[in-house]
Amino acid sequence: MFPLIKEILTLSPPQDLVIRGWVRTKRDMKNLVFAEINDGSCFSSIQCTFDGIFVPPGLSTGSAVEITGRLIPSPAPGQAVEIAASSIQLIGEALGEEKNGIPPYPLQKKRHSLEFLREMPHLRGRTNTLAAVMRVRSKLSYAVHRFFQDRGYHYLHTPVITGNDAEGAGSMFRVTALDPAGLPKKKEDFYAGDFFGRETFLTVSGQLEAETYAAALSRVYTFGPTFRAENSNTARHLAEFWMIEPETAFFRLPENMALAEDFLKFCFTEILDECAEDMAFFDERIEKGLIKTIRLVAESDFVHLRYTDAIAELEKAQNSRPFEFKPHWGCDLQSEHEKFLAEEFIKGPVIVTDYPKEIKAFYMKQNNDGKTVRAMDVLVPRLGEIIGGSEREENLSALERRMVELGMDTKRYNWYLDLRRYGAVPHSGFGLGFERLVQYVTGMANIRDVIPYPRAAGQLY
Ligand code: 4AD
Ligand code: MG
C-alpha cells in the first residue's frame with residue numbers, strides 16, 4: 001500500500017516518494033507554486049512546491065492529484081518537511097469556476113458555517129472540522145469495543161426490526177412493505193397483509209434482547225443504530241443515532257454506576273492519547289479549554305446524587321434564577337435542570353439515581369418505597385444526559401404488575417417475562433448515546449455535526 005500523509009509526515013528527509021490526495025489550497029508566487037495536499041489520514045496537510053515544472057491549470061482547491069517528488073526539510077515555520085515536486089498528475093479536476101454546466105467546487109478556501117456545510121453532507125467531510133470529527137468518532141468506536149472486550153463482554157447484534165417498544169415510550173418508526181396506494185381500510189387487515197403479518201417498528205433500543213443474552217453469556221454489549229421518531233428539533237436529538245448498551249448479569253445499581261464511570265473515563269483518556277492533533281484543533285477552534293476539562297473529568301470521581309436531593313437543589317435554585325419549567329418532585333428533569341445540576345451545582349459529571357417510577361421505563365427495578373426505581377442518568381456539562389440506565393426488575397410478579405399498571409400487553413412480552421421465570425438473576429445495564437459522547441469530547445455544539453448523515457424531523461439529506 002502507498003503511504004498516507006500521516007505516515008509521510010513522520011519520515012526523515014530526504015526520500016523520494018509519491019503522494020495522493022486532494023488540494024486544499026494553492027498559491028501562485030512568481031516562479032513558484034505552493035499547494036497544500038490533504039488525504040484525510042490526519043489533520044495536517046503536506047506542502048508541495050512546484051519549482052519550474054508544469055502545473056496543470058486544473059490544480060485548484062478540491063482537485064484530486066498524484067504528486068511525485070522528494071521529501072525535504074521545510075524552511076517554512078510550523079512544518080518539519082515538505083515535498084519538492086518533480087511531476088504532478090491531475091486525477092480528478094474540481095474547478096473554481098463554472099464550466100460545461102458544472103457549478104464550481106462549493107468548498108473554496110474560506111470559512112464555511114456549520115449550517116452551510118450541513119446542506120452538503122456528501123462534501124463536508126473534506127473540511128478540517130468534519131474530517132477531525134469523523135476521525136475522533138472512528139477512534140471512539142474502537143475504544144468502546146476495546147473497553148468492553150477487555151472486560152469479558154461479548155458484542156451482541158440485536159435486531160433493528162422489532163415488534164417491541166423497548167422503552168414503552170411510543171415515538172417509533174413503523175416498518176412496512178405495503179404500497180401506500182390501495183392500503184386496506186381496517187387496521188387488522190393492514191397488519192395481516194404486511195410482510196411480518198404483525199405490527200413492526202425500527203428499534204428504539206436493543207436492551208430487552210441484550211438482557212436475554214446477559215442471562216446466557218453473563219456480559220454483553222450492543223453497539224448499533226437506534227431510531228426515535230421524536231419530534232424534538234434540538235442540538236442533542238437525532239431520529240437515527242448509535243447507542244452502546246452493556247448489560248451485566250449479577251450487577252446491581254452501584255456496580256452499574258461504576259462501570260459507566262470507568263467506561264466514560266476510558267474513552268476520554270483514549271481520545272486524548274490517540275487523537276492529540278485533532279483534539280488540539282477542537283480545543284483551539286471549537287471549545288476553549290476542552291482538553292483541560294476532559295483530562296480533569298477523567299481524573300476525578302463522579303458525584304452521586306439522588307433524584308429527591310436533586311429536586312431539592314433545583315427548588316432552591318428556582319428562587320434566584322427561575323427555570324422555564326418549575327421543578328417539583330415527580331417531574332421529569334428538563335434539559336435546563338440537567339444542565340444546572342452538571343454545570344452549576346456539581347460543575348462536572350453527576351450520576352442522578354432513584355427517579356420516580358412514573359417517569360421511567362417499565363423494566364426498572366422498583367425500590368421498597370413503592371415510589372422510586374433504581375434508575376441512573378449520567379449528566380454532563382453542556383449536554384445534560386449522556387447515559388441512561390438502571391438495575392432491571394427481575395421479580396416476575398413485580399414486573400408483571402407494573403406492566404399491567406401501564407396498560408402493556410404482557411402476552412407480547414412473554415419471552416421477556418420468561419427471563420424472570422427461568423434462572424432469573426439481578427442484572428443491570430445502561431445506554432450511552434454515541435453521538436452525545438462524540439459531542440462531549442469534540443465540543444461540537446450540534447449533534448447533526450458529529451454523524452456523517454444526520455437524520456432529524458423534516459431533514460434527510
Ligand atoms: O435514556 P434512554 O432512552 O435509555 C435507553 O434506551 C435504555 N434502553 C438504555 C439501557 O438501559 N440499555 O437512551 C439512552 C441514551 C441517552 O442517555 C442519550 O445519550 C441517548 O441514548 N439518546 C439519544 N441520542 C441522540 N438522539 C436521541 N433522540 C436520543 N435519545 C436518547
Ligand atoms: Mg433517558
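FYI, it's all coordinate maths here, none of it is from the lab. If you're wondering where the values come from, they're calculated on a predicted model, not measured in any experiment. As a convention, Cβ positions derive from the backbone with ideal geometry for all residues, glycine included, and neighbour counts pool all protein chains shown.
Key figures
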{"quantity": "Ordering of 280-286, 333-339 by burial proxy (mean other Cβ atoms within 10 Å per residue, highest first)", "calculated": "333-339, 280-286"}
{"quantity": "Computed helical MRE - 222 nm, the chain, DSSP H runs ≥ 4 contributing -39500 (n - 2.57), nearest 500", "calculated": "-8500 deg cm²/dmol"}
{"quantity": "Phi to ³J(HN,Hα) by Karplus 6.51 cos²θ - 1.76 cosθ + 1.60 over region 211-224, Hz, x for Gly, Pro", "calculated": "4, 5, 7, 5, 7, 10, 10, 6, 10, 9, 9, 10, 8, x"}
{"quantity": "Residues residue 285 and residue 34, FRET efficiency given R0 of 30 Å [Cβ-Cβ distance, rounded to 0.05]", "calculated": "0.85"}
{"quantity": "For region 56-101: rounded, prolate or oblate by the Cα gyration tensor [a/c cutoff 1.5]", "calculated": "prolate"}
{"quantity": "Net lengthening on full extension, residue 298/residue 138 (0.36 nm per residue, minus Cα-Cα)", "calculated": "55.6 nm"}
{"quantity": "Within-13-Å neighbourhood charge of residue 427 [Cβ basis; K, R +1; D, E -1]", "calculated": "-1"}
{"quantity": "Global geometry of region 68-187, whether rounded, prolate or oblate, following the gyration tensor of its Cα atoms and the 1.5 cut on a/c", "calculated": "oblate"}
{"quantity": "Note, ³J(HN,Hα) from phi for region 168-175, Karplus 6.51, -1.76, 1.60, rounded to Hz, x at Gly and Pro", "calculated": "x, 10, x, 6, 10, 7, 7, 10"}
{"quantity": "Amide H partners (placed H, <5 Å) of residue 373, local residues excluded", "calculated": "355, 357, 367"}
{"quantity": "Phi-based couplings in Hz for region 431-439 (Karplus 6.51, -1.76, 1.60; Gly and Pro marked x)", "calculated": "x, 10, x, 4, 5, 5, 5, 4, 4"}
{"quantity": "Proxy reagent accessibility, fewest Cβ within 10 Å first, across 331, 275", "calculated": "331, 275"}
{"quantity": "Nearby aspartates and glutamates by direct alpha-carbon distance to residue 185 (threshold 14 angstrom, same-chain neighbours under 8 apart not counted)", "calculated": "194"}
{"quantity": "For region 199-238 and region 268-282, distance of Cα centres in Å", "calculated": "28"}
{"quantity": "Given 339/371; 26/109; 288/316; 6/110, the pairs whose alpha carbons are separated by over 20 Å", "calculated": "339/371; 288/316; 6/110"}
{"quantity": "Proxy reagent accessibility, fewest Cβ within 10 Å first, across 43, 116", "calculated": "116, 43"}
{"quantity": "The chain: antiparallel DSSP beta bridges as a percent of all, rounded to 5", "calculated": "90"}
{"quantity": "Relative exposure of 1, 364, 408, judged by other C-beta atoms within 10 Å (fewest first)", "calculated": "1, 408, 364"}
{"quantity": "Gained length - residue 324 relative to residue 371, 0.36 nm times residue gap less alpha-carbon distance", "calculated": "14.3 nm"}
{"quantity": "Cα gyration tensor shape of the chain, rounded if a/c is under 1.5, else prolate or oblate by comparing a/b with b/c", "calculated": "prolate"}
{"quantity": "Stretchable slack from residue 100 to residue 233, in nm (0.36 nm times residue separation minus alpha-carbon distance)", "calculated": "43.9 nm"}
{"quantity": "Dipole axis of the chain (+1 Lys, Arg; -1 Asp, Glu on Cβ), positive-most option in 414, 356, 128", "calculated": "128"}
{"quantity": "Normalised per residue, the volume of the convex hull around the Cα set of region 251-311 (Å³)", "calculated": "98"}
